[in-house]
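**Student:** The following block contains the structure, expressed as structure tokens.
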Amino acid sequence: LDVVDYPTIPDFKAEGAVFMHGDDFVDAVQKTIFATAKGDTRYALNGIYMTVADGGCEFVSSDTHRLSLVKKKVRNPDASAYDGIILTKGMSTLARLAAGADMVEINITANEMLARTPNATVVIRRVEGMFPRYNDVIPPKSESHFTVKRDELQRDLHSIGLMTADESKSVLFS
């Protein structure tokens, strides 16, 4: 195919970019990607919402039944602040490329997210639309705190999950 048939890849501009450790990026994507909507007509839920501000980055996803929020520290030399909903497939690809990388450079523009690892530069289209106001559903303070053994909780939830209705997939904790 002729080269002119392909879109041009924008140059990665270091101005406004933030820097995140590769394993932190992978961890954030893995902890949010499961909660993205799959093929939902509300396109804003079909990706991971990223917001960068004040030396931190939030990754948020929701399919209206569950919500995942992960906060990571970033190096933000230009004190950049931006946000965007990034396509799930692109985030998954970038996470594979970022695994084990010392640093991932990220910059979100009006139409896409540009990311650079030591081995690749990736351009991922942004999803148009507004992500729901997720902060409104997260309580500011919780009265109850408890610690559980992760393996035991996973085993018990798997066992109980076999008995839940397919429509709700819900479990009541008390």
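**Student:** Report, by residue number, each residue of the stretch 99-147 that is open to solvent by less than 30 Å² (accessible area, probe 1.4 Å), of a type outside the set (Gly, Ala, Ser), in contact with a Gly (Cβ under 9 Å, 6 or more places away or on another chain) and touching a residue at least 40 places away in the same chain (Cβ under 8 Å).
**Tutor:** The answer is 104, 107, 108, 112, 113, 117, 127, 131.
**Student:** Identify the single condition in (1) more than 23 Å from residue 99 (Cα to Cα); (2) open to solvent by less than 30 Å² (accessible area, probe 1.4 Å) that residue 38 does not satisfy, given that it satisfies every other one.
**Tutor:** (2)
**Student:** Consider residue 101 carefully, then state whether it is within 19 Å of residue 18 (Cβ to Cβ), part of a loop (DSSP other than H, G, I, E, B) and modelled with pLDDT of 90 or more.
**Tutor:** yes
**Student:** Out of all the residues in the stretch 46-69, which are crowded, with 19+ Cβ neighbours inside 10 Å, in contact (Cβ under 8 Å) with a residue 60 or more places away in the chain and among the aliphatic types (A, V, I, L, M)?
**Tutor:** Once the filter is applied, which keeps residues that are crowded, with 19+ Cβ neighbours inside 10 Å, in contact (Cβ under 8 Å) with a residue 60 or more places away in the chain and among the aliphatic types (A, V, I, L, M), the stretch 46-69 yields 50, 60.
**Student:** For the stretch 1-34, how many residues are open to solvent by less than 10 Å² (accessible area, probe 1.4 Å), of a type outside the set (A, V, I, L, M, F, W, C) and more than 16 Å from residue 49 (Cα to Cα)?
**Tutor:** 1
**Student:** Kindly provide the set of residues from the stretch 1-45 that are free of Cβ contacts under 8 Å to residues at least 24 places away in the same chain and among the small types (Gly, Ala, Ser), ordered by number.
**Tutor:** Selection gives 39 alone.
**Student:** Any chance you could count how many residues in the stretch 70-95 are open to solvent by 50 Å² or more (accessible area, probe 1.4 Å) and under 19 Å from residue 16 (Cα atoms)?
**Tutor:** 7
The values are calculated or read from the model by the stated rules, or taken from the named source; none is laboratory data. None of these values were measured; they are calculated from a predicted model. We place every Cβ from the backbone using ideal geometry, glycine too, and count neighbours over all the protein chains shown. SASA here: full protein model, heavy atoms, side chains in, ligands and nucleic acids out. Shrake-Rupley method; radii C 1.70, N 1.55, O 1.52, S 1.80 Å.
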